[in-house]
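Everything on this sheet refers to the single structure shown next.
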Amino acid sequence: MDAITLTRPDDWHLHLRDDEALSAVVGHTATQMGRAIIMPNLKPPVTTTAQALAYRQRILAALPEGSAFEPLMTLYLTDTTPPEEIERAAESGVVKAVKLYPAGATTNSASGVTDIAHCDDTIAMLAKVGMPLLVHGEVTDHEIDIFDREAVFIEQVMKPLLARHPNLKVVFEHITTQQAAEFVAAAPDNIAATITAHHLLFNRNKMLASGIRPHYYCLPILKREQHRQALLKAATSGSAKFFLGTDSAPHAQGDKESSCGCAGAYTAPAAIELYAAAFEEMDALDKLEAFASLNGPRFYGLPTNADSVTLERRSWSLPAHYPYTAGQHIIPLMAGESLAWKLKA
Ligand code: DOR
Ligand code: ZN
């Protein structure tokens with residue numbers, strides 16, 4: 001097989017930032033994806049429908065000319081988000097989901113939820129209007145080992161949440177463990193998950209063995225090989241519960257290569273090519289279209305994209321860096337390394 005044609009994919013988990021950074025990165029996603037779910041962890045976070053509408057306009061204004069890319073907006077849940085804000089979001093037609101960051105779990109999560117009990121009425125409203133809750137599934141307890149935080153979250157937060165709100169649509173975002181993959185596979189149809197390309201391609205050795213590699217540091221952190229294998233199995237299983245979400249998270253080179261480096265892998269420029277590499281590893285390229293282009297819209301109740309993209313088997317190397325904000329570069333994941341598939345222009 002030397003070429004694969006797919007319905008145009010979407011990215012169901014993307015960080016675009018704002019201002020100059022937004023302008024630097026949005027074209028990378030817009031070239032590949034029809035739509036993307038845009039994460040709300042700006043400084044300050046996008047907590048209201050009005051802010052989401054304004055952010056959407058800034059994204060549209062930053063797009064390359066002629067781009068048909070559609071940003072799907074989200075709100076950042078806080079301890080005090082009122083249920084009425086969910087009604088406004090649903091009525092807006094442009095806010096498609098609400099993101100739960102446990103306070104302190106990751107980049108710009110300081111205004112996140114300190115105790116999900118504070119959000120019970122608001123979450124009930126999400127279930128009522130049928131809007132998905134997107135969950136960063138890690139506990140933040142400093143006593144809990146960073147490699148265990150996702151598995152502990154399932155027991156301490158996810159299961160009680162779903163017991164209280166059995167009809168809530170939930171996307172368990174960027175799952176990284178066998179426990180999460182098995183939990184989602186066994187859950188009812190209102191529970192789905194996104195999986196990143198980097199968690200399908202790499203285990204924690206890539207980040208920590210033979211030198212510490214900050215561009216592979218992301219949250220949830222890369223896990224051991226057993227978990228990567230479970231994610232590959234889930235993504236290529238044919239189950240409609242698993243779909244593409246890159247969690248492409250741009251940070252300036254200097255903020256990554258630092259004594260206290262930021263979490264985030266920048267994968268947008270080669271997103272579909274990275275997923276193709278993972279699916280090829282499983283000899284499952286025939287399952288890529290469902291994962292990348294069909295399962296996500298189905299879960300969100302949206303049509304699939306009308307156009308298609310073609311991947312060609314053609315070796316190419318990722319650039320060493322891309323321009324970012326003034327005087328800063330951004331380093332893509334696998335900078336300078338080669339990939340076997342290339343999206344046809
Ligand atoms: O690695 C990550 N980076 N994980 C997240 O959850 C947030 C993201 C970011 O915004 O940089
Ligand atoms: Zn993210």
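Structure values in brief
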{"quantity": "Boolean, Glu150 is away from ligand 1 (no atom under 16 Å from the Cβ) and either in a helix (DSSP H, G or I) or open to solvent by 10 Å² or more (accessible area, probe 1.4 Å) (or both)", "calculated": "no"}
{"quantity": "Index of the failed condition, Ser338 passing every other in (1) within 17 Å of Ile37 (Cβ to Cβ); (2) without any contact (Cβ under 8 Å) to a residue 24 or more places away in the chain", "calculated": "(1)"}
{"quantity": "Cβ-Cβ under 6 Å pairs, at least 6 apart or on other chains, the stretch 162-177 side under 23 Å from Ile146 (Cα atoms), far side open to solvent by 30 Å² or more (accessible area, probe 1.4 Å)", "calculated": "none"}
{"quantity": "Qualifying positions in the stretch 292-305 - in contact (Cβ under 8 Å) with a residue 60 or more places away in the chain and either closer than 20 Å to His174 by Cβ or open to solvent by less than 10 Å² (accessible area, probe 1.4 Å) (or both)", "calculated": "Ala292, Ser293, Leu294, Asn295, Gly296, Pro297, Phe299, Tyr300"}
{"quantity": "First in the stretch 249-265 and at pLDDT 95 or above and open to solvent by 40 Å² or more (accessible area, probe 1.4 Å), second anywhere and within 15 Å of ligand 2 (Cβ to nearest atom) and assigned to a loop (DSSP other than H, G, I, E, B), Cβ under 6 Å, 6 or more apart", "calculated": "Asp255/Cys262; Cys262/His251"}
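Residues checked against (1) open to solvent by less than 20 Å² (accessible area, probe 1.4 Å); (2) among the polar types (S, T, N, Q); (3) modelled with pLDDT under 95; (4) more than 13 Å from ligand 2 (Cβ to nearest atom):
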| residue | (1), (2), (3), (4) |
| --- | --- |
| Ala3 | no, no, no, yes |
| Pro9 | yes, no, no, yes |
| Ala21 | yes, no, no, yes |
| Arg35 | yes, no, no, yes |
| Asn41 | yes, yes, no, no |
| Thr49 | yes, yes, no, yes |
| Leu53 | no, no, no, yes |
| Ile59 | yes, no, no, yes |
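The values are calculated or read from the model by the stated rules, or taken from the named source; none is laboratory data. This is a predicted model, so every value here is computed, not measured. Because the Cβ atoms are built from the backbone with ideal geometry, glycine has one as well, and the counts that use them run over all protein chains shown. With ligands, DNA and RNA removed, areas are computed over all heavy atoms of the protein, side chains included. Shrake-Rupley method; radii C 1.70, N 1.55, O 1.52, S 1.80 Å.
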